[in-house]
């Protein structure tokens, strides 16, 4: 890899840890970001000559901190004489810093930085954009492209989100066990949003989409390194890895959706599925089940089935029932209905769908599933009505195209 | 003399490589491997899953303790390793416990293997 290549990869990898430590020093997001930016520029000059430092995050924290202190000193010089004694000599400091990092003193910093992005007053989209900008360091252009909005609009959203969080005082105390658990849960939900933002984009914007999924997995892995014994973080990472493993098989050349049962399983990324399985095995040992673990287990049952026909639907139905008890939601029931259609038939599944109709009347998948079940029962007119409703609720051209295919087939048959 | 070569790098950086970057590195390594294997100089080589997939059996306590994550101490040194085909993580931990009974003290880090290259039967 070229110099710029490895330096870029190293800076990206070190960023969450470095920015969150700088954030604790300066207690100011903008200052922390500037300091990291400054340190990155110095790294681009220094690392090709001197080689990479032993611990890049420690190097960036120290250099960033010093650069920012220099800036403060320069500004104050215009008003009064500089106080040299305040600038400490930081020889050997990189080693000391590296040791602190090794000992995990900074894990709560990273969690805090991620948690700041999950501010409950921020709409989901802004949480995601903020995390991508601040924690991952994606450019506004990259984020705008992923969200299919103009750069100016995204810039404005991020500025507004930053202004909102600047008003709230982040706690710099070490969190207690309960606070830490709450933060982890909020951050996990936000990371899954980042992932789904990429996952649901479908065929369009392939690269930008890929990047969001990749970022969510990277940050989730980072969280897992900092909190290795959290079963839900293991579950979340596994869940995203399995869904991401199918990326290459989810769309055809025209960008239309290929359903799970029709996907070419040889295109699934076996290494990612294997890694996810290893993480699920670790999570299960804790005997503290949670929603991400259950969803990961469901995804793993699909991923491990050699063919669609060999899928263990009985077990999947059981897991959806467990998920329904943990986090009751009409969407989970809808998913259980799909499993029930495989184990008990379309009639039984439709009966489960009925009570959901009111709450899911604006949900594309509800009508897609309903149409498919009606079609299985040869109730063509009703199926057509459901598909027509689905099309009006589709959120992407790929979704609409998939339903269009059913409708076209129905009208071809009726001719 | 047989030599083991242990591979170290920053996993955060390596796991953020794009597929194209990763493939390019593996292709370059593949060329080197090929020469070594055809000369029957290269035995098994492997690429491990990230440390997040690891558990560690501390066998300096009785009974040995299973902890999540990689082996993270600096006061012990890497002295050897096994490659074992296991049904599950529980199975792997069971094997490690058996080994620990025979040889207490220190730790076993149990890490799944991502890529296994069998190599050649050595000359």
- [ ] Can you give me the number of residues within the stretch A:389-415 that are surrounded by 15 or more Cβ atoms within 10 Å (Cβ to Cβ), without any contact (Cβ under 8 Å) to a residue 40 or more places away in the chain and assigned to a helix (DSSP H, G or I)?
- [x] 10
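For the stretch B:30-46, how many residues are part of a helix (DSSP H, G or I) and either under 30 Å from residue A:14 (Cβ atoms) or within 13 Å of chain A (Cβ to nearest Cβ) (or both)?
2
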TODO: Return a yes/no flag: does the stretch A:268-286 have any residue that is more than 10 Å from chain B (Cβ to nearest Cβ), more than 28 Å from residue A:325 (Cα to Cα) and either outside any helix (DSSP H, G or I) or touching a strand residue (DSSP E or B) at 6+ places or on another chain (Cβ under 7 Å) (or both).
DONE: yes
Open item on the list: Give all pairs with beta carbons closer than 7 Å in which a residue from the stretch A:341-356 that is free of Cβ contacts under 8 Å to residues at least 40 places away in the same chain meets a residue that is exposed (fewer than 14 other Cβ atoms within 10 Å of the Cβ); count only pairs at least 6 apart in sequence or on separate chains.
Closed with: A:343/A:314
TODO: Residue by residue through the stretch B:72-110, note down the ones that are buried (at least 16 other Cβ atoms within 10 Å of the Cβ), within 14 Å of chain A (Cβ to nearest Cβ) and in contact with a helix residue (DSSP H, G or I) (Cβ under 6 Å, 6 or more places away or on another chain).
DONE: B:89, B:110
Task: residue B:59 being at pLDDT below 95 and crowded, with 19+ Cβ neighbours inside 10 Å - done: yes
TODO: Could you tell me whether residue B:27 is within 23 Å of residue A:271 (Cβ to Cβ), away from every other protein chain (no Cβ under 12 Å) and free of Cβ contacts under 8 Å to residues at least 60 places away in the same chain?
DONE: yes
- [ ] Output the number of the condition that residue B:69 fails; it satisfies all remaining conditions of (1) within 11 Å of chain A (Cβ to nearest Cβ); (2) at negative phi; (3) in contact with a helix residue (DSSP H, G or I) (Cβ under 7 Å, 6 or more places away or on another chain).
- [x] (2)
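The values are calculated or read from the model by the stated rules, or taken from the named source; none is laboratory data. Since we're looking at a predicted model, the values are computed, not measured. Reconstructed Cβ throughout: ideal geometry from the backbone, glycine too, with neighbour counts over all protein chains shown.
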